[in-house]
1. From the list Val166, Val147, pick out the single residue that is within 12 Å of the ligand (Cβ to nearest atom), open to solvent by less than 10 Å² (accessible area, probe 1.4 Å) and within 14 Å of the chain's Cα centre (by Cα).
2. Just checking, does the stretch 108-116 include any residue being over 19 Å from Thr132 (Cβ atoms) and buried (at least 16 other Cβ atoms within 10 Å of the Cβ)?
3. Go over the candidates Val28, Val48 one by one and state the one that is more than 16 Å from the ligand (Cβ to nearest atom), over 25 Å from Pro106 (Cα atoms), among the aliphatic types (A, V, I, L, M) and open to solvent by 10 Å² or more (accessible area, probe 1.4 Å).
4. Could you identify the single residue in His55, His116 that is within 16 Å of the ligand (Cβ to nearest atom) and out of contact with any His (no Cβ under 7 Å at 6 or more places or on another chain)?
Amino acid sequence: MKNYVILISGRGSNMQALIDARLPGACVGVISNRPDAAGLAWAAERGVPTAVIDHKAFPSRDAFDAALAAEIEARGAELVLLAGFMRVLTEPFVRRFEGRLVNIHPSLLPSFPGLHTHEAALQTGVRVHGCTVHFVTPSLDCGPIIVQAAVPVLPGDDADGLAARVLRQEHLVYPQAARGILAGRCRLEADRVVWSDDATPPESALRVPAGG
Ligand code: GRF
């Protein structure tokens, strides 16, 4: 069985979806860079080990990332799932966990990297929006795509409504991607995502939910 950790900074709804999905692996830690992250209490109540590595206690990004990497490795984690982890990771950290570091982003990448993706989608007038689970590379919100989910942008949508529609899909696709990796059916190979199961239907890589 593979061990994985989940890194959070706040609410932790994706973390909850991952843990509730009973993935084929053991969650050996929920790690937050913020002591007040709401998701920590939820995890602790369910007996999942938690840790806080407060970025404010470190003199540099490199020092924080080194402590974070040490914590992850001490727990024996083979897979690192970023779930609303609001820190830019340094290149040495990303390289150290290459192929084992996964993120969820609330847009259909490569559209709308960075923050405020729902506002940007509304501002731009796209008709289709969504979320992306991807392996992490040193560029921000970038990397080989594992799964995407698309939702419609509807007349009258505001950012909160659109965010909620996207979030429902995040909670479906992140466990799907994590399950594929933990089960050994999905991996990063020469900067591309490879699903080893030939029977994997295309829907596994793009969900288009009926009715949003
Ligand atoms: C999600 O929208 C995720 O895609 C983004 O940050 C948000 C985190 O939400 N990276 P939560 O903490 O998982 O509820």
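1. Numbers: Val147 fails: within 12 Å of the ligand (Cβ to nearest atom).
The conditions single out Val166.
2. Step one: of the stretch 108-116, the residues over 19 Å from Thr132 (Cβ atoms) are none.
Among the residues of the stretch 108-116, not one is over 19 Å from Thr132 (Cβ atoms) and buried (at least 16 other Cβ atoms within 10 Å of the Cβ), which makes the answer no.
3. Numbers: Val48 fails: more than 16 Å from the ligand (Cβ to nearest atom).
Exactly one residue qualifies, and that residue is Val28.
4. Values: His55 fails: within 16 Å of the ligand (Cβ to nearest atom).
The conditions single out His116.
The values are calculated or read from the model by the stated rules, or taken from the named source; none is laboratory data. All figures in this text were calculated on a predicted structure; none of them were measured in a lab. Ideal geometry is used to build each Cβ from the backbone, glycine not excepted, and the neighbour counts take in all protein chains shown. Calculation scope for accessible area: heavy atoms of the full protein, side chains included, ligands and nucleic acids excluded. Shrake-Rupley method; radii C 1.70, N 1.55, O 1.52, S 1.80 Å.
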